[in-house]
Amino acid sequence: MSWAIEVNNLNVWYGDKHILKDVTFKVPKNIIFAIMGPSGCGKSTLLRAMNRLLDLNPYARVEGQVKINGIDVYSDNIDITWVRRQFGMVFQIPNPFPHLSIYENVALGPKVNGLVKDKSELDRLVKRALEQAYLWDEVKNDLKKPASMLSGGQQQRLCIARALALKPKIILMDEPTANLDPVASSKIEELMLELKEEYTIIIVTHNPQQAARISDYVAFLYMGELIEIGETSMVFTRPKHELTEKYVVGRMG
Amino acid sequence: MSSGKIFYNTLTFLVFISLFIVIAVVISLSVTSYPIFLRDGLFFISKSVWNPVKEEYGILPALLGTLITSTLAVGLATPLAISLAVFSAEIVPPRFRALINNISDLMASLPSVIYGLWGLFILAPILNEYIMIPLHRYLGFIPLFSTKPVPTNLFTASVLLAIMIVPFASSIIREAYSAIPYYLKEAAYSIGLTRWEVIKIAIGYVKSAIFAGLFLALGRAMGETVAVAMVVGNIFNLPKSLFDMGYTIPSLIANQFPNAEAYNYMVPALYGGALMLFLIGLVINFFGLYLIKKVMIKS
């Protein structure tokens, strides 16, 4: 079986603080993989270690391997921008570039990374990404308007379109519904189920119900350690570890 | 009366004093300059003449001098101010950041007579030797450079003004740039942008702050008096090129006020110039502050 991503003995420190401790796991392709755990357990750090967004933090130090298609993203001489565009990333706060138009928000990534030959190919890519994010019908007449005019839920779907336009293999989502109302949240969840046909989705959530609803596999992270990992139905019905059980029934977190 | 009430009343009274002074200044500018506008109308603005003996005053050269030097100064300062702001907010190692910002803020608060002195004795000869004379020699066919340069002229005044306003404009831009939310930078990096591409996006994001900073700097440049008076040449002629000696309204007032009261219309003429400067400054500062307010609302 070939894996979407393999993480081997990943350790992360912020200064002297050991944030992730020997984390090892593999994610199969075309599934939704949820990483759940209480605040401060290292979930977001784990996500950012995968696409090397952690490099932005001058105090972060990483050891271990993260392999996509057999290539370790931490190997020497690797092109970091190449690494980053293998992943699409969606953040906790909807963060489109508010001063750019809706079109430009989606087009920017493919443009600077040279993924398209000409304007018409770019137009098609932008349209397809917006369609995949279920946003096209709502914005097709407003493509030139600034992204700041969209509602929170629409902005988050625009961010998903921006991520999809990179044609990534893996989509990383860092609590993508934490700042949305229930209606907008369930729209994003539906969208994720749709997207896993084509992509592998790794979602971080502090909400075990969300993990139970949408994920195929789930990992429970606690104080930087991977406590349990497995098929979602198994982890939620018959957790092997006491901490996991406490967490999923809501006595912790 | 309770102490809180006394404090409140005193505060209100003092605030009204400040407001009253501003209004009083506007009124006296208008009243005192009224005779020259009554006598000459708009010719006072559109004519080029300064002849106290015949009591003829038309401030067009000084008005143009003010507009030319201040806009050229802002033009020259723009790339420098943006670069300095981005450098200190994004590129310089954190431990040197405070040092750079302190030096920049210190430069912004330096008394302008120091800039004037330095401009006159150091900057002017260097500019003349290495920039103005070569520009005139090789590009003299362009009207802007057509006059044979002397060290003190409109161009030197513009460059000196640019140097003076860079720290001021760049501190406004720097504040806005540092306030860019971290999650926007993360988003930019996450789609595979390089550091320089991210900086380009970030500059676009603070565009309004950049305009605001430049507009407020323009207001400062227009009002700057001493330093400009020391390097602008102080010749009352309609400028034909950047290398002409000239006047600005502040430098005109500073140079002419000592003997103004010997003539009937020179005091109104100087006040008229001041009123024009006040009005232009008002519009520009108003616009700059409006842009800043827009930036604040956005963030």
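The values are calculated or read from the model by the stated rules, or taken from the named source; none is laboratory data. Since this is a predicted model, take the numbers as computed values, not measurements. Cβ placement follows ideal geometry from the backbone for every residue including glycine, while neighbour counts extend to all protein chains displayed.
Scanning segment A:68-97 for residues that are of a type in the set (F, W, Y), farther than 30 Å from A:S151 by Cβ and in contact with a strand residue (DSSP E or B) (Cβ under 9 Å, 6 or more places away or on another chain) yields a count of 1. Screening segment A:113-139 for residues that are surrounded by fewer than 21 Cβ atoms within 10 Å (Cβ to Cβ) and touching a Leu at 6+ places or on another chain (Cβ under 6 Å) and picking the one that is nearest to A:N179 (Cα to Cα) gives A:Y134. The requirement of being in contact with a strand residue (DSSP E or B) (Cβ under 8 Å, 6 or more places away or on another chain), of a type in the set (D, E, K, R) and either under 24 Å from B:A217 (Cα atoms) or away from every other protein chain (no Cβ under 14 Å) (or both) is not satisfied by B:E90. Could you say whether any residue in segment B:220-242 is free of Cβ contacts under 8 Å to residues at least 12 places away in the same chain and either assigned to a helix (DSSP H, G or I) or of a type outside the set (A, V, I, L, M) (or both)? Among the residues of segment B:220-242, not one is free of Cβ contacts under 8 Å to residues at least 12 places away in the same chain and either assigned to a helix (DSSP H, G or I) or of a type outside the set (A, V, I, L, M) (or both), which makes the answer no. Within segment B:169-205, the set of residues being away from every other protein chain (no Cβ under 14 Å) and either more than 31 Å from the chain's Cα centre (by Cα) or surrounded by 21 or more Cβ atoms within 10 Å (Cβ to Cβ) (or both) comprises B:A169, B:S170, B:I172, B:I173, B:R174. Answer yes if at least one residue in segment B:185-203 is under 30 Å from B:P111 (Cα atoms) and of a type in the set (A, V, I, L, M, F, W, C), and no otherwise. Checking segment B:185-203: not a single residue is under 30 Å from B:P111 (Cα atoms) and of a type in the set (A, V, I, L, M, F, W, C).
Taking into account only those residues within segment B:47-57 that are outside any loop (DSSP other than H, G, I, E, B) and touching a helix residue (DSSP H, G or I) at 6+ places or on another chain (Cβ under 6 Å), which is nearest to B:A274 (Cα to Cα)? My answer is B:Y57.
Against the test of being farther than 30 Å from B:M266 by Cβ and in a helix (DSSP H, G or I), the options B:L84, B:L63, B:L72 yield a single qualifying residue, B:L84.
Among the candidates B:V166, B:V150, single out the residue that is surrounded by 18 or more Cβ atoms within 10 Å (Cβ to Cβ) and of a type in the set (A, V, I, L, M, F, W, C). Matching residue, one of B:V166, B:V150: B:V166. One residue alone among B:F13, B:F7, B:F37 is in a helix (DSSP H, G or I), under 30 Å from B:Y265 (Cβ atoms) and of a type outside the set (A, V, I, L, M), and that residue is B:F37. A:Y134 meets all of the listed conditions (1) outside any helix (DSSP H, G or I); (2) touching a Gly at 6+ places or on another chain (Cβ under 9 Å) but one, namely (2). Of the residues in segment A:112-126, none is within 14 Å of chain B (Cβ to nearest Cβ) and under 17 Å from the mean Cα position of the chain (by Cα). Taking segment A:116-131 as the range and being of a type in the set (A, V, I, L, M, F, W, C) and not in a helix (DSSP H, G or I) as the test, only A:V116 passes. Scanning segment A:1-24 for residues that are part of a strand (DSSP E or B) and on the phi > 0 side of the Ramachandran plot yields A:N9, A:D22. In segment A:140-152, of all residues being surrounded by fewer than 20 Cβ atoms within 10 Å (Cβ to Cβ) and touching a residue at least 24 places away in the same chain (Cβ under 8 Å), the one that is nearest to the other protein chains (Cβ to nearest Cβ) corresponds to A:S148.
Every residue, every condition in (1) buried (at least 18 other Cβ atoms within 10 Å of the Cβ); (2) at pLDDT 95 or above; (3) facing chain B (nearest Cβ under 10 Å), yes or no:
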site: A:V66; (1), (2), (3): yes, yes, no
site: A:N69; (1), (2), (3): no, no, no
site: A:D76; (1), (2), (3): no, no, no
site: A:I80; (1), (2), (3): no, no, yes
site: A:R85; (1), (2), (3): yes, no, yes
site: A:V90; (1), (2), (3): yes, yes, yes
site: A:P94; (1), (2), (3): yes, no, yes
site: A:A107; (1), (2), (3): yes, yes, no
